[in-house]
Amino acid sequence: MLDNYRDLIDELLGAPTALRGLVGNRAAALPAEAARLIATLRDRDGAVLARLQTMTRQREPYLPVAAETAPATASIDGEALLGEFDTARGELVSLLMNLTLRDWERTAIDAARGEITVADEVERHVEFDEEQRGLLESVLGG
């Protein structure tokens, strides 16, 4: 079980390097769609962090369906956006690395999916991350 959790963390840890590899030297002239995808990942990291904090700090929490909002990409400075993503991902991974085995099994009621565990939430986020990176690769022609 512990290996499964480590694998999830490793997947999330590899994303910033993978994104920088995809973007390469195009950060200064990042297409708007690529910036939107990276901003979506950044924003989702923050939302997942908040959900996980709720799950680990409250007994039997209820997690409402998150409102879909367009990510903020006021300035499409690719380098700054990648830096913001690095920070958000670092905060999420830091929380995950400090979870106990019992924390990974904590549950919550998700408005859309019913009862979930912390591990379920992280696995779902890893899948979302992989999907977004695939889309980014398509947009950047990588």
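Please treat every number below as a calculation from the coordinates, not as lab data. These numbers were taken from a predicted model, which means no experiment stands behind them. Positions of Cβ are generated from backbone atoms using ideal geometry, with glycine treated the same way; all protein chains shown enter the neighbour counts.
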Rounded to the nearest 10, the angle in degrees between the Cα long axis of helix 78-97 and the longest principal axis of the Cα atoms of the chain comes to 20
Summing -39500 (n - 2.57) over every DSSP H run of at least 4 in the chain, dividing by its residue total and rounding to the nearest 500, the 222 nm mean residue ellipticity is -23000 deg cm²/dmol
Most exposed first, judged by fewest Cβ atoms within 10 angstrom, 55, 97 run 97, 55
Scoring the chain by relative contact order with C-alpha pairs under 8 Å, at least six apart, yields a percentage of 39
Note: the chain at 10 °C, 1.306 mPa s; Kirkwood Rh on alpha carbon pairs; Stokes-Einstein D in µm²/s works out to 101
The computed P(r) of region 1-51 puts the percent of Cα pairs beyond 14 Å at 64
In whole Hz, the Karplus estimates of ³J(HN,Hα) for region 121-132 (6.51, -1.76, 1.60; θ = phi - 60°; x where Gly or Pro) are 5, 5, 4, 4, 5, 4, 5, 4, 4, 4, 5, 5
